[in-house]
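First up is the structure itself, then whatever we jot down about it.
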Amino acid sequence: MANATKTKNKKPNWFRRAGAKIKETFSELKRVTWPKLPVVLKTTGVVLVVVAAFLVVVTAVDQGLLALLEELTSIQS
């Protein structure tokens, strides 16, 4: 009787658990509603515009700080 409860509480081996997880993942992926191509292109465009805007702002701040540093070093010379 003690041996039966011991095997009942034992976890399945690693391969069975990994296989079950993979099967569960693919089952979940079948239920996902994937976006259409126009939606993907639109959101990609928005991301690229936002990244370009941040690039311009960061570059402007960097150039401004560089100009300020050059002014400060030229005063001391």
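The values are calculated or read from the model by the stated rules, or taken from the named source; none is laboratory data. Because the structure is predicted, anything quoted here is derived from the model rather than measured. Here the Cβ positions follow ideal geometry from the backbone for every residue, glycine too, while neighbour counts run over all protein chains shown. Remember, those area values only see protein heavy atoms, side chains included, never the ligands or the DNA or RNA. Shrake-Rupley method; radii C 1.70, N 1.55, O 1.52, S 1.80 Å.
Express the accessible area of the chain per residue in Å², computed with a 1.4 Å probe while the remaining protein chains stay in the model. Display every interim value, and only then the final one.
Numbers: 7700 Å² over 77 residues.
Value returned for the chain: 100 Å² of accessible area per residue.
Report in % the part of the accessible area of the chain that belongs to carbon and sulfur, leaving out ligands and nucleic acids; probe 1.4 Å.
C and S atoms contribute 70 percent here.
Tell me the mean residue ellipticity at 222 nm calculated for the chain from its helices only (DSSP H runs of n ≥ 4, each -39500 (n - 2.57), averaged over every residue, nearest 500). Before the final figure, lay out each step's value.
Values: 3 runs with 64 residues, N = 77.
My calculation for the chain gives -29000 deg cm²/dmol from helical runs alone.
Relative to the longest principal axis of the chain, what angle (0 to 90°, nearest 10) does the C-alpha long axis of helix 14-30 take?
60 degrees
Taking trypsin sites (Lys or Arg not before Pro) as candidate sites, keep only those in a DSSP loop with at most 10 other Cβ atoms within 10 Å, then name the longest stretch of the chain containing none of them. Before the final figure, lay out the partial values.
Working: sites that count: 10, 31, 36.
Result, exposed sites excluded: 37-77.
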